[in-house]
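Data block below; observations after.
The values are calculated or read from the model by the stated rules, or taken from the named source; none is laboratory data. None of the values given here were measured: they were computed from a predicted structure. All Cβ positions, glycine included, derive from the backbone under ideal geometry; neighbour counts span all protein chains shown. Only protein heavy atoms, including side chains, enter the accessible area calculation; ligands, DNA and RNA are left aside. Shrake-Rupley method; radii C 1.70, N 1.55, O 1.52, S 1.80 Å.
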Amino acid sequence: MKNLVIGTAALAMLAGAAMAEGTVRLGTEGAYPPYNFLNDAGEVDGFERELGDELCKRAEVTCEWVTNDWDSIIPNLVSSNYDAIIAGMSITAERAEVVDFSQNYTPPSPSAYAAMSADTDLSGGVIAAQTGTIQANHVVDTGATLLEFPSPDETIAAVKNGEADAVIADKDYLIPEVEASAELMFVGDDVPLGGGIGMAFRKSDPELRAKFDAAVGSMKADGTLNALIIKWLGEDSPRF
Amino acid sequence: MMRSVIFAYCADPDTLAGIKWLSCYLTTGKHLSFYGSFGTVLLLLAITAPTALLFGFGGATAARSPIAPLRWFGRGYIAIVRGVPDIAFFLFFVIALDQAFEWMRHKALCPDWDQPIRQGNDFVVCAQAKLPLSTSAQWLHEAYGLTLAVLTFAIVFGAFAANVLFGAMRAVPHAQLETAAAYGMSPRQTFWRVMVPQMWVYALPGLSNLWMVLIKATPLLFLLGVEDIVYWARELGGSKTARFTDYPHGDWRMWYFFALLVFYLAFTKVSEVFLDRIMARLTKGQATSGGEAQRKAA
Amino acid sequence: MSCWQTIADYSLRSIGYGERLLPRGDFTLCQQFTLIGSGMIWNIYFGVLALMAGFFLATALALGKSSNTWVLRKCSDWFIFLFRGSPLFIQFFFAYFLFVALKGSVPALGAFTAPWLGALTVLFLNTAAYSGEIFYGALLSIPKGDTEAADAYGFSGLNKFRKITWPTMLRLAWPAYTNEAIFLFHATTLVYFSGFPALKQRGDALYYANYFADKTFNPFVPYPILAGYFILLTLVVIWVFSLVNNRLNRHLPQNARPKLRFRPRLLR
């Protein structure tokens, strides 16, 4: 064991720059299953936890998980309180002005509406969405009445208690909720929004971005990423 | 997935029911973090209160200073911080504070750094100036986060404490100070030996009010990046589907928030009793109507 | 787009007039000032109405707390303790929960789930509890001579309360009540932040400040703007309350009138 530690340390010295920077801190929300959530033990778990750990292994860096409120997740990245965001964040032009994204690690996956009855009026009714998401923007564009909640589970609660007619969110987030609920169902067509989900980095940190970008690429190439998508997001979720 | 760390029979929660299920559910690692966060809040209050008092004392002294710029600074601090809703303050102040510290360290530690600190939206300082260093352990990062939160709270509540103490200093009867001067005490001696010991009895009602408010401001800690009781109550109470937990349940936020309500009410009650006692002790032997009443009753 | 155009489009956006879409890109300072200012309409609405309605309940609570009837005294005591002893944050949560449940059984009460009525109710009860405690303290410190003189002049019952007790109570309570008013305005920022959902992107000043911080990823512009608006609002409130203060103390010689001092509580 001791030898192994010394061995790793030597390797670390050789690796130079990467290790001199110390650990890479990964910021996530911890409230968006199946992408990221806290398990019963209170640790970050989910698709992105498993993906992130594998990416760190391939990029040969040690990683540390940090949870942060969704609202301030980008300001805290750009002020260097952690080094990357891996939090189910869709790649959008707005965000790309402030941060640099890795290549996407899920294909552009659709958003979807869930409601209590099949004949819900999606363009004229009240639609619940999480504040500050691309789905919230989409609802405004459709002309429907937007009802905003700070957290995703409140949007679902709003549909169940009748405050909203439907909820819009990433389909992957809604699938387990709809499966677990006797009342909720998907309505309307899926809506393609965003350019898939990627990791976000500071614009001033291109080396780190390149490292993780390559790691995502290698996971795409050898099929491990697809296996993870099937495991966490289900057979129906689009794959590479 | 992690099982409860306390009871052996929790190995398979699906087969459990009733009290046994509940005992397992309430002892998951996540719940232990929830209980721990009560400790975090209490610890934070215990550190923040004296720090805020210190800031308040500094602010009040500055506001009374004969040196004009110092006086303006003291009065400006009191007026501006109190005029702004605390949420608005908390939403940007922690990041600002963090950047200010790192900027100062950067100037001191990396004088020959040639890149700009602000690169577009990015705030980049040299590796040695980072707080805490990116090589440090996770607990250090958390401790640093907590320190920032304490500091932010202390700055906000310090302004309120400053206002209370400023009033209390003025409430000390002028004759007391004149007598001190007549006895040949220097202004410094008068301040420390006559005014400061006497001002507390005038300040206490205001300070106890402030303490009550401080207790009730702790739900805002999650804005400052501290995983406090409200954070965990929301996290645990939100409905859980069976795929991601061994203990699926519906929307139980109400029960968790009810627990918080009981906690806050109890804490308020205990504080009230405790502060009444301090007031009784401080009033002893003071030249106020309260002190007079005490003397007559004895 | 000129700044005047922006003001025309967005200054009433928070109550549903003007441009339907919020700005999406190329954010200007003018847009931030206009929309955050537009949100202030709601902060003022909540503050003013809750304060006015709360004033009456507060008087009732203060009388209840000093009443000789056991039931009245206990009810007022508990009401005040419940609302002063718990964070407003938690009060909003329970209220919203309750109103949604209420809507399920009595659809006519559905309006309570909307902030304009639901949040207003919570703020009203909250400020009534705080002001009630202030008024109660003032009732206790009414000089004995005043009420004795009133008795001697043959005042009694409602007449005595209206002409002697109540004005004196207000006069004594006014400085503390001013602080309560300021803090009620500050507390209105919690409505959309943690309590009630925002409909059609109509929200208060903090909601829009949050919107811009979220879109520009830069918290250092919108939040200080919000802070500036609130400092202005605080000054206005102090000014209005000092006018009332002068009226309440008009019978006193100029130098015996108590000066209003801003000595508020923070969040409740």
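Check cross-link reach from C:LYS160 to the lysines: straight Cα distance under 17 Å, and skip same-chain residues fewer than eight apart.
C:LYS144
Report the B-C buried area as the accessible area lost on both sides summed, probe 1.4 Å, in Å² to the nearest 100.
Interface between B and C: roughly 3600 Å².
Could you please put C:THR69, C:THR34 in sequence from largest to smallest accessible area, using a 1.4 Å probe?
Correct descending sequence by accessible area is C:THR69, C:THR34.
Might you work out the accessible area of C:LEU22 for me, using a 1.4 Å probe with all protein chains in place, and round it to the nearest 10 Å²?
10 Å²
What accessible area per residue comes out for the stretch B:8-297, rounded to a whole number of Å², with a 1.4 Å probe?
Spelled out: the 1.4 Å probe surface of the stretch B:8-297, per residue, equals 47 Å².
In angstroms, what radius of gyration and Dmax does the stretch A:110-192 have, counting Cα atoms only?
For the stretch A:110-192, the Cα-based Rg and Dmax read 10.9, 30 Å.
If you take each beta carbon of peptide A:69-77 and count the beta carbons of other chains within 10 angstrom, what is the mean?
5
Quote the FRET efficiency, to the nearest 0.05, computed for B:ALA175 versus C:LEU252 with a Förster distance R0 of 30 Å and r equal to the Cβ-Cβ distance.
About 0.75, to the nearest 0.05.
Distance between Cα centroids, the stretch B:15-74 to the stretch A:80-121: provide it in whole Å.
Distance between centres, Cα-based: 34 Å.
Taking only complete DSSP H runs, can you tell me which helices of chain C stretch 27 Å or more along their own long axis by Cα positions and average at least 1.0 on the Kyte-Doolittle scale?
Helices meeting the span and hydropathy rule in chain C are C:29-65, C:115-140, C:222-248.
Which chymotrypsin sites (Phe, Trp or Tyr not before Pro) in the stretch B:175-280 pass both tests, a DSSP loop state and at most 10 other beta-carbon atoms within 10 Å?
Passing sites in the stretch B:175-280 are B:TYR183.
Within the set A:LYS171/A:LYS203; A:LYS160/C:LYS103; B:LYS269/C:LYS74; A:LYS57/A:LYS203, which residue pairs have Cα atoms separated by over 18 Å?
A:LYS171/A:LYS203; A:LYS57/A:LYS203
Could you sort B:VAL273, B:VAL172 by their accessible area in this structure, using a 1.4 Å probe and putting the largest first?
Accessible-area ranking of B:VAL273, B:VAL172, largest first: B:VAL273, B:VAL172.
Using only protein heavy atoms and a 1.4 Å probe, how much accessible area in total is buried between A and C, to the nearest 100 Å²?
By this definition, chains A and C bury close to 1900 Å².
Nearest 500 deg cm²/dmol is fine: what mean residue ellipticity at 222 nm does the protein assembly as shown get from its DSSP H runs of n ≥ 4 alone, each adding -39,500 (n - 2.57), divided by its residue count?
-19500 deg cm²/dmol
B:LYS284: which lysines have alpha carbons under 21 Å from its alpha carbon, excluding same-chain residues fewer than 8 sequence positions away?
B:LYS296
For B:LEU43 and B:ALA108, compute 0.36 nm times the residue count separating them, minus their Cα-Cα distance, and round to one decimal in nm.
Full extension from B:LEU43 to B:ALA108 adds 20.2 nm.
Taking beta carbons within 10 Å but only from partner chains, what does the mean come to for residues B:159-170?
1
So what is the relative contact order for chain C, in percent, with contacts set as C-alpha pairs under 8 Å and at least six apart?
About 26 percent, as a whole number.
Using all alpha carbons of the stretch C:106-183, what is the percent of pairwise distances in each 10 Å bin, ordered from the shortest bin to the longest?
17, 33, 23, 18, 8, 1
Under the classification rounded if a/c is under 1.5, otherwise prolate if a/b is larger than b/c and oblate if not, where does the stretch B:8-297 fall, given a ≥ b ≥ c as square roots of the Cα gyration tensor eigenvalues?
Because a/c hits 1.5 or more and a/b fails to exceed b/c, the stretch B:8-297 counts as oblate.
Going by accessible area, probe 1.4 Å, with all protein chains left in place, what is the ranking of C:ASP9, C:ASP146, A:ASP121, largest first?
My answer, sorted largest first, is A:ASP121, C:ASP146, C:ASP9.
Counting only other chains, and only Cβ atoms inside 10 Å, what mean value do you get across the residues of C:208-216?
The per-residue average across the peptide is 5.
Quick check: net charge around C:ASP9, other residues with Cβ under 11 Å of its Cβ, Lys/Arg +1 and Asp/Glu -1?
Around C:ASP9, the surrounding residues sum to +1.
What FRET efficiency comes out for the pair C:TRP78/B:ASP14, r = Cβ-Cβ distance, R0 = 60 Å, nearest 0.05?
Efficiency at R0 = 60 Å is approximately 0.90.
So which helices of chain B fit the span-like rule, where a helix is a whole DSSP H run, its Cα atoms reach 15 Å or more along the axis, and its mean Kyte-Doolittle is at least -0.5?
B:29-63, B:68-83, B:86-109, B:138-171, B:196-217, B:253-283
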